[in-house]
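Visitor: Just passing along the structure, written as C-alpha cells.
The values are calculated or read from the model by the stated rules, or taken from the named source; none is laboratory data. The structure displayed is predicted, hence computed values, not measured ones. A quick note on method: Cβ atoms are made from the backbone with ideal geometry, for glycine too, and the neighbour counts reach across all protein chains shown. Note: areas computed on protein heavy atoms with side chains; ligands, DNA, RNA excluded. Shrake-Rupley method; radii C 1.70, N 1.55, O 1.52, S 1.80 Å.
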Amino acid sequence: MTICYSVPCYSILLVSKSGDFGSDCHGDLREMAANLDDDGEQTVSINEYLESIEEEELEADLVLGGDEGDECTYSKGYMKRQAIFSCLTCTPEGNAGICTACCLSCHDGHEVLELWTKRNFRCDCGNSKFGEFSCKLSPNKDVENTENSYNHNFKGLYCTCNRPYPDPDLEEQVEMIQCCMCEDWFHEEHISLSSPNEIPRDEEGEPLYEDFICKACSVVCSFLTLYPKTIWAAGRQPVAANKNKVVVEDILSKDEDGKLDNDSCSDAVQKDHLVAGANDEAASDEKKSIVGEGSESNASSSLSGSIASSIPTCVLVVDWMAASLDSESKPLFLSKNWRDALCRCDKCLDMYKQKHISYLLDKEDSIAEYEKNAKQKRDEKLQQREGAELNFFNNLGHVEKMEILNGIADFKDEFRSFLGSVDPSKAITAADVKQMFENLNNKRRRV
C-alpha cells in the first residue's frame, strides 16, 4: 500500500495557435476545454493537467501538514495536530492510529484509512495493540498511549448514520463537515438542520464559517451562546435565553451586507474587556493560569503565550453559571478568529479545564492554523528545491552543462516538429507522446 494523491491518466490535448511553437518554445497553446475524443477518452489541456497536479500536491501538503514522512512522530510526544491513519489489517477493531511515516514504511500493502488530522495524538504503531508487529522506525514505544482518543472513524465509519466514506451504496459521494470538538465527520443532511441551505456559504458555495460544532458537542459549549453575534458565521447567530433575559450586549456593528471583518472577534475581545473593566474597577493583578489537565496536558503547556495569563474580569459580564441557557442543542457555525473572543478570566479558565476543552484557547489547535503552517513549509520546501537545482547546475563542468543545454534545444526542436505534424482537431494520445520521445532518442543516437 502506498499513500499517494494520484492524478487520473488523461490524454493531453496540445495545439499551437499559429501552428508554430515559436523560436523560443514559448508560443501560446490554444485553450481547450475538457471534452471527450472520438474514442470516448477524457482529454484536457496541458495547462489544466499541470494545474490539477499542483492542486493535488497542495492538498496533500495541507493534509500532511508538510510532513515528509521520513521519521515516526512518536518521539515528539502527543502532538497538537498531525495527520493520522488507521490500519485495518493490523487493528481491525479500530483502536489504534499511526503517523504518516509509519503508514508508508511499516504498513505498505495493508488496508489503511486516511483520517485527515487528529489533535493531541501519539503514534501507536508497533505497541501492544499490534500484537507481534513491531514498528520499523521507532520500535521502543510504551505499551499503550493512554492519552490518545479514538472514535468510529478509526473503523472507517462516520457521521450519526455510521456509514463508511466513500460509501459503496452511493453513486455520488456527498460532502461531509468535521466537528472541531469531537473531530467526527457529518453529512450535511445529518447535522440537525431543516435544510442544508442553512449552512453559511457564499454565492459560490464556499463556507463562510471557520469551525463547525455538532449538535452533541454544542451541549458542552452552550456558554458560547452568551457571546456577541460576531463569533457566529453569517446566517447562524444563536441567542442565549435565560429567565432574567440577560444576554451579552453586542458592542460591535456589522456591515450593511452582514459580512464580518476578519478581525472582528479580536476587536470584540478588547472592547468586551473594557466593558467588563468598567463594571469592576477593583481589578486584581494578572495571575498565571495553567490550562487543561489529563489528555490536554501537552496542548495546554504551550498555548502560544497569548493566553499564559488570565484576565481579572469576565468578558461575559453575566454569570453564565447562574444563567439558564437554552437547553435545546443545535449545531454551531463559528466565524473566523472566533477563538480569540473566548474569555480568559480565572472562572472561565477553570470551566474550560473542567469541561476538557482548553484546547479551544490554543491557536495551533485550529485547522486554519495547521494549514497555514503547512503552506509555509511547502513554500520553504519549494524554495529549497529550486536552490538545490540551481546549485547542481552551477557545480557541473563545462561539458556537462553543454550536454544539458543541447538536450533542451533538441527537445524544443522535436516538440515543435511534433506539434506541426499533429492534427489540431484530434487529441494527442500516450502513444503519440511515446513516439515523439523515440524519435528524439533515435536522433541523439545518430549524433
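Visitor: Among the residues of the range 358-370, is there at least one that is assigned to a helix (DSSP H, G or I), among the aliphatic types (A, V, I, L, M), touching a Phe, Trp or Tyr at 6+ places or on another chain (Cβ under 7 Å) and over 30 Å from Ala83 (Cα atoms)?
Guide: Checking the range 358-370: not a single residue is assigned to a helix (DSSP H, G or I), among the aliphatic types (A, V, I, L, M), touching a Phe, Trp or Tyr at 6+ places or on another chain (Cβ under 7 Å) and over 30 Å from Ala83 (Cα atoms).
Visitor: Return only the number of the condition from (1) surrounded by 13 or more Cβ atoms within 10 Å (Cβ to Cβ); (2) of a type in the set (Gly, Ala, Ser); (3) over 30 Å from Ser194 (Cα atoms) that Ala341 does not satisfy.
Guide: It fails just one condition, (3).
Visitor: Continuing with this model, one more query. Among (1) in contact with a Ser or Thr (Cβ under 7 Å, 6 or more places away or on another chain); (2) open to solvent by less than 20 Å² (accessible area, probe 1.4 Å), there is one condition Ser45 misses while meeting the rest; what is its number?
Guide: (1)
Visitor: Return the residues of the range 74-120 that are hydroxyl-bearing (Ser, Thr, Tyr), in contact (Cβ under 8 Å) with a residue 24 or more places away in the chain and surrounded by fewer than 24 Cβ atoms within 10 Å (Cβ to Cβ); say none if nothing qualifies. Step through it out loud before you land on a result.
Guide: Restricting attention to the range 74-120, the residues satisfying the condition of being hydroxyl-bearing (Ser, Thr, Tyr) are 74-75, 78, 86, 89, 91, 100, 105, 117.
Still in the running and in contact (Cβ under 8 Å) with a residue 24 or more places away in the chain: 74-75, 78, 86, 91, 100, 105, 117.
Ser75, Tyr78, Thr91, Ser105, Thr117 - these are the residues of the range 74-120 that are hydroxyl-bearing (Ser, Thr, Tyr), in contact (Cβ under 8 Å) with a residue 24 or more places away in the chain and surrounded by fewer than 24 Cβ atoms within 10 Å (Cβ to Cβ).
Visitor: Spot the failing condition for Gly420; the list is (1) under 28 Å from Ser45 (Cβ atoms); (2) loosely packed, with under 11 Cβ neighbours inside 10 Å, and only one is missed.
Guide: Tallying (1) under 28 Å from Ser45 (Cβ atoms); (2) loosely packed, with under 11 Cβ neighbours inside 10 Å, Gly420 fails exactly one: (2).
Visitor: Can you report the number of residues in the range 377-389 which are open to solvent by 100 Å² or more (accessible area, probe 1.4 Å) and without any contact (Cβ under 8 Å) to a residue 60 or more places away in the chain?
Guide: Number of matching residues: 5.
Visitor: Consider only pairs whose beta carbons are under 8 Å apart and that are at least six residues apart or on different chains; among these, list those whose first residue lies in the range 156-176 and is closer than 19 Å to Gly97 by Cα and part of a loop (DSSP other than H, G, I, E, B) and whose second residue is open to solvent by 80 Å² or more (accessible area, probe 1.4 Å) and of a type outside the set (A, V, I, L, M).
Guide: From the range 156-176, the pairs are Gly156/Tyr165.
Visitor: Anything in the range 148-179 that is open to solvent by 50 Å² or more (accessible area, probe 1.4 Å) and either touching a helix residue (DSSP H, G or I) at 6+ places or on another chain (Cβ under 8 Å) or at pLDDT 95 or above (or both)? List them, or say none.
Guide: Passing the criteria: Ser149, Tyr150, Lys155, Thr160, Asn162, Arg163, Val174, Glu175.
Visitor: Being touching a Pro at 6+ places or on another chain (Cβ under 7 Å) and among the hydrophobic types (A, V, I, L, M, F, W, C) is true for just one of Leu157, Leu137. Which residue is that? I'd like the intermediate steps shown before the answer.
Guide: Values: Leu137 fails: touching a Pro at 6+ places or on another chain (Cβ under 7 Å).
Every option except Leu157 fails the conditions.
Visitor: Continuing with this model, one more query. Look through the range 130-147, keep the residues that are open to solvent by 40 Å² or more (accessible area, probe 1.4 Å) and in contact with a Ser or Thr (Cβ under 8 Å, 6 or more places away or on another chain), and return whichever of them is nearest to His356 (Cα to Cα).
Guide: Within the range 130-147, the match that is nearest to His356 (Cα to Cα) is Glu147.
Visitor: Same structure, new question: If Cys123 satisfies all but one of (1) of a type outside the set (D, E, K, R); (2) surrounded by 15 or more Cβ atoms within 10 Å (Cβ to Cβ); (3) part of a helix (DSSP H, G or I), what's the number of the condition it fails?
Guide: (3)
Visitor: While we're here: Restrict the check to the range 391-411 and report whether at least one residue is part of a helix (DSSP H, G or I) and either in contact with a Pro (Cβ under 7 Å, 6 or more places away or on another chain) or closer than 30 Å to Leu64 by Cα (or both).
Guide: Kept after step one, since they are part of a helix (DSSP H, G or I), are these residues of the range 391-411: 391-394, 398-411.
After this cut, where a residue has to be either in contact with a Pro (Cβ under 7 Å, 6 or more places away or on another chain) or closer than 30 Å to Leu64 by Cα (or both) as well, the list is 391-392.
Checked against the condition, which is being part of a helix (DSSP H, G or I) and either in contact with a Pro (Cβ under 7 Å, 6 or more places away or on another chain) or closer than 30 Å to Leu64 by Cα (or both), the range 391-411 yields at least one hit.
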